[in-house]
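The values are calculated or read from the model by the stated rules, or taken from the named source; none is laboratory data. Treat the numbers as computed from the prediction; the structure is a model and nothing was measured. Here the Cβ positions follow ideal geometry from the backbone for every residue, glycine too, while neighbour counts run over all protein chains shown. Quick note on the areas: whole protein, heavy atoms, side chains included, nothing else; ligands and nucleic acids left out. Shrake-Rupley method; radii C 1.70, N 1.55, O 1.52, S 1.80 Å.
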Amino acid sequence: CSRWEEEKKEDGVKWVQLEHRGPYFVPLYEPLPEDVRFYYDGKPLKLSLATEEIATFYAKMLDHEYTTKETFQNNFFHDWRKEMTLEEQEIIKDLDKCDFREIHKYFVDKNEARKALPKEEKQKLKEEADKIQEEYGYCILDGHREKIGNFKTEPPGLFRGRGEHPKMGMLKKRIMPEDVIINCSRDSKIPEPPEGHKWKEVRFDNTVTWLASWTENIQNTLKYIMLNPSSKLKGEKDWEKYEVARRLKDVVHTIRAQYRKDWESKEIKKRQRAVALYFIDKLALRAGNEKEEGETADTVGCCSLRVEHIQLHPQLDGQEHVVEFDFLGKDSIRYYNKVSVEKPVFKNLQLFMKSKDPTDDLFDQLTTTFLNKHLQHLMDGLTAKVFRTYNASITLQEQLKALTNPEDNVAGKLLSYNRANRAVAILCNHQRSIPKTFARSMQVLQEKIDAKKKQVEEAQEEVKKAEDEFKDTEDAKAEANVEKKKKLLKRLEEQLARLNVQATDKEENKQIALGTSKLNYLDPRITVAWCKKFGIPIERIYNKTQREKFAWAIDMAGKDFEF
């Protein structure tokens, strides 16, 4: 029996034995050298240690867009002043008079110097990091040595957040042992806190899978140290997630029939639920939980859509009943889409929007709790999120069937795979900003293509010459030469084709993030089966970390696996 299928524990119990070293605390602040100065109003000013440390956080970010944003500047200055000595507060009253450039340059130079270190020095640093990883990066869980995901506490710094986050620029405080709750088994060697410190608390809770936790000071949310994705515990959870999504496949037709019927319901609440569910199913929208105002950026999901986020067009671009969506979703990523919907959905939306203000909720009677309760009733373990996983995975499987040409070479098949993955990323709206290096690397690739084209043309000439020579002499040596030149030409043509595929792939991919869906929404068994079926080495799709995370799938899936 494989390690994925060992004996199941009783409900709720996640482990019997858990032993670890506790978190690794990031090193304390090292003061700046004497000759690196901070200036206020044009004059050098020696800062107290705590104030200087926070100044370096801002200085390091000078070339970042964040430090140009007013919210960031205000939040930073407010939090920085709170940590200053009274004398410093008397002097430093205006951020515009602060000059961090010398400090900024110091860190840029330091970074460059680190990059330029000789190989031996770099090797030495790597060995030191590996030693820390060996000591803190593993735990013993039920007799297995398992890798820990994030065993270091986050260093202090300035909060960034995504999109226009109202808290950007606030001071993220240093995590101390006194903030940390340790979780391990009673009979294990309980981790020692760093000298002169003590833990906030030590717990023995085997119904949770975290090893340590603390509350971060900006959002007041809990942070955890968890196991690495490659661990048995995480692998099992991952596997369960996709098994739930596979169960949805058997009932999804019933669910669709049900919400279609509910579009005509006498209760407006049911109608709203049915339309929201249609969006979640058809467009893979996130559910959209209720949020505290002013705590986070103004982002929404399906249930929290406002009237201003959609526009209705009875006719648009030759299509009927078009809904135009435009809103900021999770992480402030814009969702923009024009979709032709079924007539009853369109009619219902008109009804939901009637005599409402733009800032009113579209689904004013609906909460995610109400929606998920209903889903749980339709299928055990079903939530709105499962639809996203299900639709992503089924799309990948169908696209792979449609796009893969068994006659293609490996490069051609990989392009088809990436195109199938892209279809999923577009469905899930996984975008990225065009990489800074995009234009340059595209240019380098184009130069390679041009050079290769020239080589192909030269090789074609060579073949022609060899053929003419063989016509004249008709001897075996000349014939062998023709074969040799043809072989070379074929190889060069294959290389050119591969480069062209690469360029197409790169261009189509510049604004789409494939990684999110690959790691979180796509049943890895679909990919493993496809690789086995078409003889594609799995490492052409999953890197080492991903192969470790999906070890369970590589173990389990044969070439005929169907999601």
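Here the stretch 97-136 is the region considered, the condition is being in contact (Cβ under 8 Å) with a residue 24 or more places away in the chain and under 27 Å from the mean Cα position of the chain (by Cα), and the residue that is farthest from E19 (Cα to Cα) is I132. When the residues of the stretch 64-106 are filtered to those that are in a helix (DSSP H, G or I) and hydrophobic (A, V, I, L, M, F, W, C), which remaining residue is nearest to K436 (Cα to Cα)? That would be F72. Screening the candidates K270, K282 for the property of being out of contact with any Leu (no Cβ under 8 Å at 6 or more places or on another chain), free of Cβ contacts under 8 Å to residues at least 24 places away in the same chain and within 25 Å of K373 (Cα to Cα) yields one hit, K270. Among the residues of the stretch 521-543, just one is among the polar types (S, T, N, Q) and either open to solvent by less than 20 Å² (accessible area, probe 1.4 Å) or under 24 Å from R247 (Cβ atoms) (or both), namely T527. Taken as a whole, the stretch 277-287 holds at least one residue that is of a type in the set (D, E) and more than 30 Å from Y138 (Cα to Cα).
When you look at L28, is it among the aliphatic types (A, V, I, L, M) and either surrounded by fewer than 13 Cβ atoms within 10 Å (Cβ to Cβ) or in contact with a Cys (Cβ under 9 Å, 6 or more places away or on another chain) (or both), yes or no? Yes, satisfied. So, I148, is that one open to solvent by less than 70 Å² (accessible area, probe 1.4 Å), in contact with a strand residue (DSSP E or B) (Cβ under 8 Å, 6 or more places away or on another chain), closer than 26 Å to D331 by Cβ and of a type in the set (V, I, T) or not? When the stated conditions are applied, I148 passes them. Residue pairs whose Cβ atoms lie under 8 Å apart, separated by 6 or more positions or on different chains, with the first residue in the stretch 535-558 and in the same structural domain as R422 (by the TED database) and part of a helix (DSSP H, G or I) and the second small (G, A, S) and buried (at least 17 other Cβ atoms within 10 Å of the Cβ), are T545/S230; E548/S230; K549/S230; K549/G235; A551/S230; A551/G235; W552/G235.
Entry remark, the stretch 341-359: residues being open to solvent by less than 50 Å² (accessible area, probe 1.4 Å) and closer than 30 Å to R247 by Cβ number 4 in total. Checked against the criterion of being under 27 Å from I394 (Cα atoms) and open to solvent by 70 Å² or more (accessible area, probe 1.4 Å), the candidates L283, L277, L328 yield just one match: L328. Quickly run through the stretch 427-470 and pick out the residues that are touching a helix residue (DSSP H, G or I) at 6+ places or on another chain (Cβ under 7 Å) and aliphatic (A, V, I, L, M). Answer for the stretch 427-470, where residues must be touching a helix residue (DSSP H, G or I) at 6+ places or on another chain (Cβ under 7 Å) and aliphatic (A, V, I, L, M): L427, M442, L445, I449, V456, A459, V463, A466. Among residues of the stretch 317-337 that are aromatic (F, W, Y), those with a beta-carbon under 7 Å from a residue that is open to solvent by 30 Å² or more (accessible area, probe 1.4 Å) at least six positions away or on a different chain give the pairs F325/Y336; F325/N337; Y335/N429; Y336/D326. Whenever a residue of the stretch 175-192 is within 17 Å of I148 (Cα to Cα) and open to solvent by less than 80 Å² (accessible area, probe 1.4 Å), its partners that are outside any loop (DSSP other than H, G, I, E, B) and hydroxyl-bearing (S, T, Y), lying with C-beta atoms within less than 7 angstrom and at least six residues away or across chains, give the pairs I181/S213.
Conditions tested, residue by residue: (1) closer than 19 Å to E240 by Cα; (2) open to solvent by 80 Å² or more (accessible area, probe 1.4 Å); (3) under 25 Å from the mean Cα position of the chain (by Cα); (4) not assigned by the TED database to the domain that holds V275.
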{"site": "D361", "(1), (2), (3), (4)": "no, no, no, no"}
{"site": "T369", "(1), (2), (3), (4)": "no, yes, no, no"}
{"site": "F387", "(1), (2), (3), (4)": "yes, no, yes, yes"}
{"site": "L400", "(1), (2), (3), (4)": "no, no, yes, yes"}
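Please note which helices (runs of 4 or more DSSP H) are completely contained in the stretch 431-520 and include at least 2 residues that are open to solvent by 80 Å² or more (accessible area, probe 1.4 Å). Walk me through it before giving the result.
Numbers: elements: 438-473, 476-509, 515-520.
In the stretch 431-520, 438-473, 476-509 are the helices (runs of 4 or more DSSP H) which contain 2 or more residues that are open to solvent by 80 Å² or more (accessible area, probe 1.4 Å).
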